[in-house]
């Protein structure tokens, strides 16, 4: 890609210059002011960041009559005037199938395409449905894999020749454009069809942060991955459901976690039923960062060497580890030393500067089991022990829930919200009460 340039105030820098870096003195003058470790910014390509791209809804297409396409022909694109694929072309197509677009693009147009890819998580796939519905491209312009859905055939994968040198491809994950770098990077509504497509696509962009979602980590055949789940929004009254000392702690945690420049460790412990998981749901609804959830069955995998590369692809996130005892306990021969090392590096080591990941860990035991290195000032930003709700506060909450009981001792939230549901009766051979004295 020697014809692609990165422009600074001094002049152009070819990508090959950056890669080879032969002349250090000359290059140091050219890249003065650049931040080491960052990929170069290609100024001529800012249209791809949707800069100067004006959003156009499909419903307003009638006001923009110039937005129309010539549509390419897949038969001409692949066989290039012959009755069928010839020699090397036939072999290449058979071997690489869906990955052969760049090869045939280069052959037809005489130049290699610039590939522009948008990840599925960054756009709403309804754009594809709307695009096909409004423009109704001829079948000769695309090849596709179709699935039989609930009522009709659904496009699963396709390659669409909008024009011979403008190709749109969808592979169920990403949306890819193969464009002519000599003509498709200009802000020109009348001469650049790709610009017009970006104007239509602008209304389907997603924010990089998924609000009210938790991404659950799992390990598949190709390493670590994550799946997003909606979180039931919890409008919790902190004053009502937790002891008086927690409101200030909660406000600090929320403010601190929303600051991407502030990384560290937050420890939340307490016996089961005291409201840790409930608070995590509440916390998820208050954060403007992606949340990655490590379930108890995945805690041991934090030691896996491939876990760090996974986090590198998910920087600026909040990592929540539930039932994290195995990853936090003192290194006395039984703990997972690798897990502690990873957490140390992520919260206050070199990795923390690169990844900007904060960690919230919950556990049921006492804090004395925690490795002392994790408790160091500057690394541990906040810790809190969830205790049973004091008898006075439990009394108020019970009355709010409609129970007319006189509370005689402290209670967990689980005991309050599931009052009367004795799921232990007959299991332990005891019908001992939980500190209530019924009013008569």
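The values are calculated or read from the model by the stated rules, or taken from the named source; none is laboratory data. Just so it is clear, the model here is predicted, and its values are computed rather than measured. Please note: Cβ atoms are built from the backbone with ideal geometry, for glycine as well, and neighbour counts cover all protein chains shown.
Taking only segment 268-293 into account, find how many residues are touching a helix residue (DSSP H, G or I) at 6+ places or on another chain (Cβ under 8 Å) and part of a loop (DSSP other than H, G, I, E, B).
Residues in segment 268-293 being touching a helix residue (DSSP H, G or I) at 6+ places or on another chain (Cβ under 8 Å) and part of a loop (DSSP other than H, G, I, E, B): 7 in total.
Just wondering, is there one or more residues in segment 239-259 that are outside the structural domain of residue 122 (by TED's automatic domain parsing), within 19 Å of the chain's Cα centre (by Cα) and part of a loop (DSSP other than H, G, I, E, B)?
There is at least one residue in segment 239-259 that is outside the structural domain of residue 122 (by TED's automatic domain parsing), within 19 Å of the chain's Cα centre (by Cα) and part of a loop (DSSP other than H, G, I, E, B).
Run down 263, 159 and say which single residue is closer than 23 Å to residue 324 by Cβ and touching a residue at least 12 places away in the same chain (Cβ under 8 Å). Break it down into steps so the answer makes sense when it comes.
On the way: 159 fails: closer than 23 Å to residue 324 by Cβ.
Just one listed residue meets the conditions, 263.
Wholly within segment 98-194, which strands (runs of 3 or more DSSP E) include no fewer than the required count, namely at least 2 residues that are modelled with pLDDT of 90 or more and surrounded by 14 or more Cβ atoms within 10 Å (Cβ to Cβ)? Explain how you work it out, then say what you get.
Values: elements: 114-119, 142-148, 153-163, 166-170, 174-179.
It comes to 114-119, 153-163, 166-170, 174-179.
With the condition being modelled with pLDDT of 90 or more, I'd like the helices (runs of 4 or more DSSP H) fully within segment 335-440 carrying at least 1 qualifying residues. Walk me through how you get there before you give the answer.
Working: elements: 337-348, 350-355, 391-400, 413-417.
Hits in segment 335-440: 391-400, 413-417.
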